[in-house]
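Just below is one structure, and these are the notes that go with it.
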Amino acid sequence: MYLNELDHFVKEELRCRAYVRYADDFVLFADDKERLWAWRQRMADRLASLRLVLHADKTVVSRARDGLKFLGFKLYPSARRMLRESVRRFRRRVLHYRDQVRQRLIPPTRLTQAMRAWIAHSRYANSEGLRRRLFRELFGPRHGICPRRPKAASAAGAAVVTLLRSKSTRGQSP
């Protein structure tokens, strides 16, 4: 509700017709760079009245065809890609959780939840090949985690838990 005032400002005072906000991340679209630069300054002033500031490194004015980083994706007019940083963070988190599951420090459901969340997020991108390659690297060629046609979420989660339990009982080191 805190940024509701910003939403009204952008739509009613700036009259931006193409505005998207998710939590504290937002994007404005216009055909004119000068207009965007002016809006940026007016938004910075309005946010200052709320004791907020625009992030200097993340506030950019650019062409849509050059791609736009937003919510873990690189958005293009005709495609959505996962950001490399997002994929790296997920990979590190899965490896960490996988090792903890093998050592029986956390329940397998913790890993399953993290994987389900990332799979759901990554499906908004053009990422089927990325998901297949990543899960093959993390769990081997017969992982069964990322089928071509999505199965019910509970079935996919059960496959992950079964795979991890069978690997951990073989005595393999991480």
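In terms of accessible area, using a 1.4 Å probe and ignoring ligands and nucleic acids, Glu85, Glu34 rank largest first as Glu34, Glu85. You can think of it this way: the chain between Asp99 and Tyr2 has 30.9 nm of extra reach, that is 0.36 nm per residue less the Cα-Cα gap.
Over region 1-54, the fraction of Cα-Cα pairs per 5 Å bin, rounded to whole percents and listed from the shortest bin up, is 4, 19, 34, 30, 11, 2. For Phe70, the residues whose amide H sits under 5 Å from its own are Leu75, ignoring neighbours fewer than 5 places away on the same chain, with H placed 1.01 Å from N. Translational diffusion of region 1-103, estimated by Stokes-Einstein from the Kirkwood radius over alpha carbon pairs at 10 °C in a medium of 1.306 mPa s, is 100 µm² per second.
Protein-only accessible surface at a 1.4 angstrom probe places the residues Lys58, Lys69 in the order Lys58, Lys69, largest first. Using heavy atoms of the protein chains and a probe of 1.4 Å, the accessible area assigned to Phe135 is about 0 Å². Taking all protein chains as they are arranged and a probe of 1.4 Å, the heavy atoms of His96 leave approximately 100 Å² accessible to solvent.
Length gained on full extension, Ile106 to Leu130, computed as 0.36 nm times the residue gap minus the Cα-Cα distance: 6.0 nm.
The values are calculated or read from the model by the stated rules, or taken from the named source; none is laboratory data. Here the structure is a predicted model, which means the values were calculated and not measured. When the accessible area is computed, the model is the full protein with side chains, heavy atoms only, and any ligands, DNA or RNA have been set aside. Shrake-Rupley method; radii C 1.70, N 1.55, O 1.52, S 1.80 Å.
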